[in-house]
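Okay, structure first, notes after.
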Amino acid sequence: MLGLAVLWLLSAPRPLSLADIPAHTPDLANGEKLYNASGCRSCHLPGPDLKDVNAELPAGGKPLKTPVGTFYPPNLTPDPETGLGNWTDLEFVNAVQRGISPEGAHYIPAFPFTSYAAMRTEDVLDIRAYLATLAPVSSPERAADVPLAFIVRRGIGLWKWIGLDTAKWQPDPAQSETWNRGSYLVNGPGHCAECHTPRNIAMARNNSQAFAGGPHPEGDGRVPSLRGLIERGRYKDAKDIASALQFGEMLGYDKVSSGGMGQVQKNISKLPEADILAIGEYLASLK
Amino acid sequence: MILGNAIWKIVAAGTLVLGIGAGAALAETAEEAIKARQACMKANGAMMGVMVPIIKGEKPYDKAAIDAAIAAEGTACAGWANWWGEDTKPGGAVETWAKEEIWTDKAGFEAAGMAYGKASEGVKASTDEASFKAAFPALGESCGGCHEKFRRPKG
């Protein structure tokens, strides 16, 4: 009994409180930029029953297959009934940076809150403000097809003790400003490590092997290493990496289109060129 | 009874030998098909290697080189439609980065191929630097259109 009680307590959500939400005047342009850098759209696309909805809107519902079952990522448009319209800033930040729903349930880490946790909270609030400007779409949330979902979610609470690092991203003063910008975009919003860093036996990212590549999360093929991209002759230089991310196959970069990377590349291509170059500079430095 | 048993064994062994023979023949064909696909993609990459530096402005526009690259790719890829037998699926004896979806979504795979063909015609029809540069992005995108859905990620 005591053991169960301890498990129950350890697996409980540990949300942020109002004191963690800084006073902030939202910057919509920054919000849009980080919305694209974060790739929100790619998973929250409208589901097959939303045929008349603008396919660019993150109305949610498109099935997302994961090893534990199929999820239907929720509606990020500001619809008050079925979207984020009635969410508070605190609820939004808890969802994005702690993986906790407004009802206090754990989100499964296919939602990359484990990377978003490293973001500046102001940036998360800017994304929230940007999302509020989108056209509202009615798209009711659909429960995940996951056996024993309740137990799974509670189990994630335990997993978060090892799998969720709540430390914010820190700049490296020895590096250039643009390198640091790239590092922030890659490690925070870009959540590149979620696929490009292999996981350990506990399914937490193995940071000693950061960006060394690994099995594809959908189980088919392999995710390439991002280390030594120049040394291994994959790309000529930092600018070449940036071009690949900016133009993808439009310029014949054929390595950035498989396994979901095509979607990632399209999201990144929407960033200002300076940000894409910064990402290139940072990635080129990974040895 | 003993004789009967012996005959049965001979028949069984014979069938086995024939079976292996047939299997080997099939594997050879599948191997050839997969190798041909890969050679076609290599030629395709070589064609890109001619075109992309021109698009990026690293090399001057060269219509003869572009036409030659398109022709070489066309030769290497001529048998394309015949290289997708059931025995060339992933998981067979020869490693392939083709995805199952090629066989489960045949219409989608064909549409992606048609998009490439159309874009390729567009580039072929270009007559000067401006029309080439205008036609190229569609060609590149059509590569991505197929790779995204039908090619497994490679480490």
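Among residues belonging to region A:197-237 that are open to solvent by less than 50 Å² (accessible area, probe 1.4 Å) and touching a strand residue (DSSP E or B) at 6+ places or on another chain (Cβ under 7 Å), point out the one that is farthest from A:Asp254 (Cα to Cα).
Checked region A:197-237; the qualifying residue farthest from A:Asp254 (Cα to Cα) is A:Asn206.
Going residue by residue through region A:188-195, is there one that turns out to be open to solvent by less than 40 Å² (accessible area, probe 1.4 Å), assigned to a helix (DSSP H, G or I) and over 13 Å from A:Ala284 (Cβ atoms)?
Checked against the condition, which is being open to solvent by less than 40 Å² (accessible area, probe 1.4 Å), assigned to a helix (DSSP H, G or I) and over 13 Å from A:Ala284 (Cβ atoms), region A:188-195 yields at least one hit.
Does region B:90-109 contain any residue that is within 20 Å of A:Met250 (Cβ to Cβ) and at pLDDT 95 or above?
No, region B:90-109 contains no residue that is within 20 Å of A:Met250 (Cβ to Cβ) and at pLDDT 95 or above.
Name the residue, out of A:Ile162, A:Ile156, that is in contact (Cβ under 8 Å) with a residue 12 or more places away in the chain, farther than 28 Å from A:Ala238 by Cβ, open to solvent by 50 Å² or more (accessible area, probe 1.4 Å) and in a helix (DSSP H, G or I).
A:Ile162
Mind listing whichever residues of region A:170-179 are within 21 Å of the chain's Cα centre (by Cα) and either surrounded by fewer than 18 Cβ atoms within 10 Å (Cβ to Cβ) or without any contact (Cβ under 8 Å) to a residue 24 or more places away in the chain (or both)?
A:Gln170, A:Pro171
List pairs: first residue in region B:70-90 and assigned to a helix (DSSP H, G or I), second residue of a type in the set (Val, Ile, Thr) anywhere in the structure, Cβ distance under 8 angstrom, at least six positions apart or on different chains.
Here the result reads B:Ile70/B:Val123; B:Asp87/B:Thr29; B:Thr88/B:Ile34; B:Thr88/B:Val94; B:Thr88/B:Thr96, each pair linking region B:70-90 to a residue that is of a type in the set (Val, Ile, Thr).
Might you check whether a residue that is open to solvent by 70 Å² or more (accessible area, probe 1.4 Å), of a type outside the set (Lys, Arg) and within 19 Å of A:His191 (Cβ to Cβ) occurs anywhere in region A:24-31?
Scanning region A:24-31 turns up no residue that is open to solvent by 70 Å² or more (accessible area, probe 1.4 Å), of a type outside the set (Lys, Arg) and within 19 Å of A:His191 (Cβ to Cβ).
Of these, B:Pro137, B:Pro153, which one is under 26 Å from A:Glu218 (Cβ atoms) and not polar (S, T, N, Q)?
B:Pro153
Pairs only if they're at least six apart or on different chains, beta carbon under 6 angstrom, first in region B:126-155 and open to solvent by 70 Å² or more (accessible area, probe 1.4 Å), second part of a loop (DSSP other than H, G, I, E, B); list them, first residue then second.
B:Glu129/B:Tyr61; B:Lys154/B:Trp97
So if I check each of B:Lys59, B:Lys35, B:Lys118, which one is at pLDDT 90 or above, open to solvent by 50 Å² or more (accessible area, probe 1.4 Å) and not in a helix (DSSP H, G or I)? First the steps, then the outcome.
Numbers: B:Lys35 fails: not in a helix (DSSP H, G or I); B:Lys118 fails: not in a helix (DSSP H, G or I).
Within the list B:Lys59, B:Lys35, B:Lys118, the selection yields B:Lys59.
Among the candidates A:Gly259, A:Gly248, single out the residue that is more than 13 Å from A:Thr178 (Cβ to Cβ) and touching a strand residue (DSSP E or B) at 6+ places or on another chain (Cβ under 7 Å).
Just a single option satisfies the conditions, and that option is A:Gly259.
Suppose we keep only residues that are closer than 22 Å to A:Leu45 by Cβ, at pLDDT below 95 and not in a helix (DSSP H, G or I) within region A:236-287. Which one would you say is farthest from the other protein chains (Cβ to nearest Cβ)?
So the residue we want is A:Gly260.
Among the numbered conditions (1) of a type in the set (D, E, K, R); (2) closer than 28 Å to A:Gly219 by Cβ; (3) within 14 Å of chain A (Cβ to nearest Cβ); (4) surrounded by 13 or more Cβ atoms within 10 Å (Cβ to Cβ), tell me where B:Glu95 comes up short.
(4)
For the subset of region A:61-74 comprising residues that are out of contact with any strand residue (DSSP E or B) (no Cβ under 7 Å at 6 or more places or on another chain) and part of a loop (DSSP other than H, G, I, E, B), which member is surrounded by the most Cβ atoms within 10 Å (Cβ to Cβ)? Lay out the reasoning, then the answer.
Start the filter on region A:61-74 by keeping residues that are out of contact with any strand residue (DSSP E or B) (no Cβ under 7 Å at 6 or more places or on another chain), which leaves A:65-68, A:74.
Within this subset, residues satisfying the condition of being part of a loop (DSSP other than H, G, I, E, B) are A:67-68, A:74.
Values: A:Pro67: 9, A:Val68: 17, A:Pro74: 21.
Per the criteria, the residue is A:Pro74.
The values are calculated or read from the model by the stated rules, or taken from the named source; none is laboratory data. As the structure is a computational prediction, the values presented were derived from the model and not from experiment. Note that we place each Cβ from the backbone using ideal geometry, even for glycine, and neighbour counts take in every protein chain shown. Just the protein is used for accessible areas: all its heavy atoms, side chains included, with ligands, DNA and RNA removed. Shrake-Rupley method; radii C 1.70, N 1.55, O 1.52, S 1.80 Å.
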